[in-house]
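Everything on this sheet refers to the single structure shown next.
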Amino acid sequence: MLSAPATLVLAQDNRVLYLTKSLSSDKIKTVFVNTSGGSIAVSGAEGQEPRVEVYINGNNNQSLTKEEIKSRIDELYTLDISVHDGELHATAKQKRNNMNWRRSLSIAFKVYVNERTATNLNTSGGSISLVSLTGNQNFETSGGSINVNDVTGIIKGETSGGSINVSNSKQDIDLETSGGSINASNCSGNIRLETSGGSLRLQNLKGTIKATTSGGSVNGNNISGELTTGTSGGSVNLMAISGSLDASTSAGSLHVQMLQVGKFVKLDSSAGHVDLELPTKQGLTLDVRGDRVTLDMDGTFDGSKEKERVAGKLNGGGPTVEVRGDSRVSVTTK
């Protein structure tokens, strides 16, 4: 059973703190939340009283009285919060599909739990936020942003229409959006990031990373491990890369600075120029092709240099550096 609605507290966006349920004695291990029109936030940060808070406001952010909210919920929604065997289930759903949109509500949940808590979250119209958690996290929204910070474990999330921000997280990260940008910083592990319509910003990442976009630019800095990245509609700019790299673009230029080459470097630009900076003293095997290839290198080179291709060994040879460009290609060592 739900407790009586708490004292109303209006936020700046007209959301009402409708009720609070304490979880202090329930030892929650897994959180299940499903809401049809609001945001979901789960926090495992220390020093918080375990609880669920339900926030409600009307369609188009309209301000409603306590009586109006209760009347609409009783008539139009099923709102339930229950705990069984360490599982928290919080659900808000419409009783019928053809409800008058002018009377619809945005029902949001904020959940405060122990750090070692798994989640399974779904909302059709709001953002999802996860902070300071360990374990398996599975979440999806059809129309909001995703924010993940200080989370360790298996992290799998998807949004059909919002941006993604992930930071200070690790282990196994799989995040996807159909219509927004992705920002990832200070993360490590197996990382997959995909957007169909936004830019990628990658900062301080380590591990095996695959980050792709179909419609924006890629910008990265201080990345180590193995990075596979590409875009069908923008430029790629990567600085301070250590490890193996496979980067491509179908509609822009490539700018890459390698501090250390791992097993390979593979660059492909179908429409723009390529600028590649390599470490001075490392032994490498070069296979560079473009409309016009220029080299500015220190160290010893044994091979052939032609207008459209350079092939040979730098400093005795080593990992292969393969570059393909339909325009100018510039390779330097510093």
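General observations
- Extension gain for Lys210-His84 works out to 41.5 nm (0.36 nm per residue, less the C-alpha to C-alpha distance).
- Over the chain, relative contact order from alpha-carbon pairs under 8 Å, at least 6 apart, %: 9
- Most fluctuating residue given options Asp246, Asp150, Asp298, as computed from a GNM of the chain linking Cα atoms under 10 Å: Asp298
- Placing +1 on each Lys and Arg Cβ and -1 on each Asp and Glu Cβ, with no other charges, gives the chain a dipole about its Cα centre of roughly 280 debye.
- Signed unit charges on C-beta, dipole axis of the chain, positive-most listed residue Thr208, Cys187, Ser25: Ser25
- Given R0 = 25 Å, the distance between the Cβ atoms of Ser270 and Asn190 translates into a calculated FRET efficiency of 0.30.
- Treating r as the C-beta distance of Gln48 and Gln260 and R0 as 56 Å, the FRET efficiency rounds to 0.85.
- Added length on full extension, which subtracts the Cα-Cα distance from 0.36 nm per residue, Asp296 to Met239: 18.7 nm
- Placed amide H near Gly135: partners under 5 Å, 5+ positions off or other chain: Thr152, Gly153, Ile154
- Phi to ³J(HN,Hα) by Karplus 6.51 cos²θ - 1.76 cosθ + 1.60 over the stretch 168-175, Hz, x for Gly, Pro: 6, 10, 7, 4, 9, 10, 9, 10
- Its DSSP H runs of at least 4 residues, each contributing -39,500 (n - 2.57), put the calculated 222 nm mean residue ellipticity of the chain at -1000 deg cm²/dmol, to the nearest 500.
- Whole-angstrom gap from the stretch 237-260 to the stretch 144-161, using each part's C-alpha centre: 26
- Computed from the C-beta positions of Glu322 and Asn138, the FRET efficiency with R₀ = 30 Å rounds to 0.20.
- Tilt relative to the chain, helix 66-76 - C-alpha long axis, 0 to 90 degrees, to 10: 80
- Volume per residue of the convex hull around the Cα atoms, evaluated for the chain, comes out as 133 Å³.
- Relative frequency of Cα-Cα separations exceeding 24 Å in the stretch 1-122, percent: 25
- Only Lys, Arg (+1) and Asp, Glu (-1) charged, at Cβ; the stretch 107-185 dipole about Cα centre in debye: 180
Coordinate-derived values only; no laboratory data. Being a predicted model, the structure only gives us computed values, none of them experimental. Reconstructed Cβ throughout: ideal geometry from the backbone, glycine too, with neighbour counts over all protein chains shown.
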